[in-house]
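See structure below.
The values are calculated or read from the model by the stated rules, or taken from the named source; none is laboratory data. The model shown is predicted, which means the values in this text are computed figures rather than measured ones. When we count neighbours, we look across all protein chains shown, and the Cβ atoms used for this are built from the backbone with ideal geometry, even at glycine. Surface areas here come from the heavy atoms of the whole protein model, side chains and all, with no ligands, DNA or RNA. Shrake-Rupley method; radii C 1.70, N 1.55, O 1.52, S 1.80 Å.
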Amino acid sequence: MISGVAVTLSEEEPLKLLPGVYDMAVDVPQDDALWAPPGSPEPETVMLGPGGDHVIELGAPEVTEAGRAAVQEKLEQLAQAKVAAMTDLQVSDRERQCGLLAPSGGFSAKDKFDDDWFDATTTNIANGATTVRAVSDNGAQGSSVGNGSRDTFADEAFCAGVSSPDSDVYDVPVSVVSSALTPGKVTVAADGTFGTTTPWSLFMETQIATCGDRDAAGVRVGWDEDQVHTTYTATVELTWESTG
């Protein structure tokens, strides 16, 4: 405020005043301000002569409580978006609906999961995040733990299947049994940098029943034998520790 008038100042465009006496005060930042200097200088009365100037010293801006809350909220949104992407199915180059964690197309689930925020350094996607168990109607069983890059289990578990041996259409969708997001916590320093104190937890369980020429143990059926029906149950337990 300058003599009762609200004025917004900037370093690029200093305010020019006629010579005179002015009451000057720096307003307290708005409650929703993300950055603000620590404290406010005391109001003062300033006499300006021709060509004179006056500088009000403000401390370096720091993240406010509203700014810290905004960081937490943004990370919540990123985690929610990742859960939504995990439970969404997209058409692959084989006209097959596949989830984000399916390693089809020559890439591992870990590779396709990576983005600017979620990667192998901030999550456990690279080692043991996904567990797939399978059982076939011929009694065969199998399991896999990892990131989906070592075998076909994750491809089968996170991609649409076929309903019968004589079908060539992938029309059996992956069923998302349950999914959940447990929010994490971050600490935000005065300069805006932040680190995770409690990791986010992203959970998902899926299931699909399909048929094929290999059973849950990976054994191929004979050419004169019927394809086997196999049920794949996948559990995804991701942790995410964000920094920025």
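Before moving on, here are some points about what is shown:
- Once the Cα-Cα distance is subtracted from the 0.36 nm per residue extended length, the Gln207 to Asp168 segment shows a gain of 12.0 nm.
- Between helix 65-86 and the chain there is an angle of about 20 degrees, using the helix long axis and the longest principal axis of the Cα atoms.
- A full extension of the chain between Val28 and Thr198 corresponds to an added length of 57.9 nm, given 0.36 nm per residue minus the alpha carbon distance.
- Using a probe of 1.4 angstrom and keeping all protein chains present, the accessible surface of the chain works out to 59 square angstrom per residue.
- Alpha-carbon centroid distance for the pair the range 21-96 / the range 219-244, whole angstrom: 45 Å
- Calculated Rg and Dmax of the chain using C-alpha coordinates, Å: 29.4, 103
- Rounded if a/c under 1.5, otherwise prolate or oblate - the range 108-147, Cα gyration tensor axes: prolate
- Computed Kirkwood radius, in angstrom, where 1/r is averaged over Cα pairs of the range 31-142: 19.8 Å
- By average C-beta atoms within 10 angstrom, highest first, the peptides 167-175, 55-63: 167-175, 55-63
- Highest to lowest packing among 236-243, 187-194, scored as the average C-beta count within 10 Å: 236-243, 187-194
- Of all accessible heavy-atom area on the range 123-244, the percent that carbon and sulfur account for (1.4 Å): 47 percent
- Within the accessible surface of the range 1-99, defined with a 1.4 Å probe on protein heavy atoms only, the carbon and sulfur portion equals 54 percent.
- Model label points for Trp223 and Asp191, set 7 angstrom from Cα along the Cα-to-Cβ axis, are 6.9 nm apart.
- Quick note on the range 100-244: its Rg to Rh ratio, both from C-alpha atoms and Rh being the Kirkwood radius, is 1.10.
- Residue range of the chain that is longest and free of trypsin sites (Lys or Arg not before Pro) which are both DSSP loop and sparsely packed (at most 15 other C-beta within 10 Å): 151-244
- Rounded to the nearest 20 debye, dipole of the chain from Cβ charges on Lys, Arg, Asp, Glu: 560 debye
- Cα centroid separation, the range 113-136 to the range 174-214 (Å): 10 Å
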